[in-house]
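The values are calculated or read from the model by the stated rules, or taken from the named source; none is laboratory data. Keep in mind that this is a model prediction, so the values were computed, not measured. Here the Cβ positions follow ideal geometry from the backbone for every residue, glycine too, while neighbour counts run over all protein chains shown. What goes into the accessible areas is simple: the full protein's heavy atoms, side chains included, and nothing from ligands, DNA or RNA. Shrake-Rupley method; radii C 1.70, N 1.55, O 1.52, S 1.80 Å.
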Amino acid sequence: MTTTTIDLFTSALHFHPDGDVRAVERQMTSSSSGAWQIASFHVETNADVHADHWEMHPEAEEAVCCLTGGIRLNFRPDVPGGTEDMVQLPPGAAVIVPRGRWHRLELDAPSDLMSITLRHGTRLEERTETH
């Protein structure tokens, strides 16, 4: 058996329903692989976390984990003109984003993050002031 070290800042891990785990190219948009993806990121600016876009995963919840630094996870208002809900994550904290809930990140400091979700059907929408 050959054991290989995987750099989680350049690759992702896919956990397949049949029990296989594979290192793959990190893909942040929709995937039809049927696998759960675990991906880690070092981020320096809000542009690194697409703070100007909403993201939504229709097929599964997402665990967003702050390993170092600090982030704010914002949830899009349920009604037009409403206010965003925000959860602040210090190092070592995580939040579970409900399935189908639009969300976006903003940084409090350069951070190391981990995302765990089923990416199938993932959608991005540009943030506008009307949401």
Name the residues in region 100-131 that are among the small types (Gly, Ala, Ser) and in a strand (DSSP E or B), would you?
-> Ala109, Ser111, Ser115
Within region 51-85, the residues that are aliphatic (A, V, I, L, M) and open to solvent by 30 Å² or more (accessible area, probe 1.4 Å) are Leu67, Val79
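Could you list all residues from region 25-48 that are on the phi < 0 side of the Ramachandran plot and at pLDDT below 90?
Filtering region 25-48 down to residues on the phi < 0 side of the Ramachandran plot leaves 25-33, 35-48.
Within region 25-48, Glu25, Arg26, Gln27, Met28, Thr29, Ser30, Ser31, Ser32, Ser33, Ala35 meet the criteria.
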Of the residues Arg123, Arg119, Arg101, which single one is of a type in the set (Lys, Arg) and either at pLDDT 95 or above or out of contact with any strand residue (DSSP E or B) (no Cβ under 6 Å at 6 or more places or on another chain) (or both)?
-> Arg101
Of (1) over 12 Å from the mean Cα position of the chain (by Cα); (2) closer than 23 Å to Glu125 by Cβ; (3) open to solvent by 70 Å² or more (accessible area, probe 1.4 Å), Ile96 satisfies every one except (1)
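Any chance region 54-67 includes a residue that's of a type in the set (Gly, Ala, Ser), over 21 Å from Phe15 (Cα atoms) and either over 12 Å from the mean Cα position of the chain (by Cα) or at pLDDT 95 or above (or both)?
So the first thing to find is which residues in region 54-67 are of a type in the set (Gly, Ala, Ser), and the list is 60, 63.
If we keep only those that are over 21 Å from Phe15 (Cα atoms) as well, we get none.
Within region 54-67 (the criterion being of a type in the set (Gly, Ala, Ser), over 21 Å from Phe15 (Cα atoms) and either over 12 Å from the mean Cα position of the chain (by Cα) or at pLDDT 95 or above (or both)), the answer is no, since none of the residues qualifies.
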